[in-house]
Amino acid sequence: MVKTIKGYIWDSYIRFASQVIHRGDLNINHRNKRVCRIAIYHDISEKCLDNFEKQVKYYHNNYRILSLNDFIVELNEGTKEDNSALCLTFDDAYKSIYQNAAPILDKYKIKPCIFVPVGFIDGEDNQWYIRDNFKANIKGGAMSWEDLKSLINRGYEIGSHSWSHVDFGSKGIDYGYELADSRNHLQKMLGQKIKYFAFPFGMERNLSFEAINKVKEYNYSRCFSGIRRNPEKNDFLLPRTYINPYWNEKIIECVLAGYFDKKKEKVHE
Ligand SMILES: [Zn+2]
């Protein structure tokens with residue numbers, strides 16, 4: 001509940017601030033600013049579908065949209081300053097991504113990465129987040145293994161989002177279960193090598209140096225947060241930028257240009 005209210009306040013703040021920027025009250029020229037961002041989406045309900053399609057069309061017309069693999073290769077090789085790049089990711093593997101978002105993304109030949117909390121696909125309800133949030137609030141629930149395989153065949157990438165959507169900032173994490181078992185199960189069920197991991201919740205308070213080191217130890221090639229920032233060359237923990245499917249393109253333009261990035265917070269030891 002607290003998280004929902006915070007999310008609402010943050011959304012309202014961004015909406016208000018972007019209106020101010022676009023009225024010209026602030027002298028900010030972001031039209032020519034280079035964008036290099038990994039976006040995060042979650043559920044794409046039928047209600048927001050028309051707006052989501054407008055967003056996708058806007059991306060298609062204004063940014064170079066890359067797969068996560070290509071984005072990382074390009075980031076590490078270095079790009080020209082004016083060469084804006086955008087990559088789309090979807091967390092939590094909701095059925096609505098398969099049913100509602102994928103047909104639109106196919107139309108624009110966009111191939112996102114889906115971060116999967118394995119327990120959600122397997123229908124487990126012994127974990128509080130899966131039971132109280134995913135199952136209780138999201139219409140349609142999770143994708144099936146068949147849905148995920150179909151997306152892979154259409155060029156999507158898949159990463160682990162832990163087994164039980166645990167908060168890695170809390171104590172007593174079973175790293176073997178959340179990091180290694182989740183990846184092994186995805187590989188077994190999907191017949192594909194899994195090399196990326198996205199931290200559930202994804203903010204500084206939901207991470208620790210210990211957890212990041214464990215992700216390395218379990219041989220993931222990269223991990224991802226939900227901290228709004230441009231990624232930098234050779235980052236092992238790559239920042240991502242949350243996008244609300246109801247935002248209009250002016251808001252998105254400001255968010256992707258970095259005007260709402262938070263100041264750096266410390267990851268706790
Ligand atoms: Zn998640």
Item to check | Near pairs, Cβ below 6 angstrom, 6+ apart or cross-chain, from region 239-263 (of a type in the set (Gly, Ala, Ser)) to any residue that is surrounded by fewer than 18 Cβ atoms within 10 Å (Cβ to Cβ) | outcome: 257/30; 257/33
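Here are some residues: 170, 164. Which one is within 16 Å of the ligand (Cβ to nearest atom) and either under 30 Å from residue 46 (Cβ atoms) or touching a helix residue (DSSP H, G or I) at 6+ places or on another chain (Cβ under 8 Å) (or both)? Write out each step before concluding.
Values: 170 fails: either under 30 Å from residue 46 (Cβ atoms) or touching a helix residue (DSSP H, G or I) at 6+ places or on another chain (Cβ under 8 Å) (or both).
One residue alone meets the criteria, 164.
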Item to check | Residue in region 188-197 that is without any contact (Cβ under 8 Å) to a residue 24 or more places away in the chain, surrounded by fewer than 18 Cβ atoms within 10 Å (Cβ to Cβ) and within 28 Å of residue 85 (Cβ to Cβ) present | outcome: yes
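When you look at residue 84, is it within 16 Å of the ligand (Cβ to nearest atom), modelled with pLDDT under 95 and polar (S, T, N, Q), yes or no?
Values: within 16 Å of the ligand (Cβ to nearest atom): no; modelled with pLDDT under 95: yes; polar (S, T, N, Q): yes.
No, not satisfied.
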Next on the checklist: Suppose we filter 220, 196, 246 for residues that are more than 16 Å from the ligand (Cβ to nearest atom), modelled with pLDDT of 95 or more and under 18 Å from residue 40 (Cβ atoms); which single one remains?
Outcome noted: 220
Checklist entry - Only one residue in 252, 227 is part of a helix (DSSP H, G or I), β-branched (Val, Ile, Thr) and either away from the ligand (no atom under 16 Å from the Cβ) or modelled with pLDDT under 95 (or both). Which one? => result 252
Checklist entry - Taking interchain pairs and intrachain pairs at least six residues apart, which have beta carbon atoms under 7 angstrom, with the first residue in region 159-177 and within 14 Å of residue 207 (Cβ to Cβ) and in a loop (DSSP other than H, G, I, E, B) and the second aromatic (Phe, Trp, Tyr) and modelled with pLDDT under 95? => result 167/201
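The values are calculated or read from the model by the stated rules, or taken from the named source; none is laboratory data. Model, not experiment: these values are computed from the prediction. In this analysis, Cβ positions are derived from the backbone assuming ideal geometry, glycine residues included, and neighbour counts consider all displayed protein chains.
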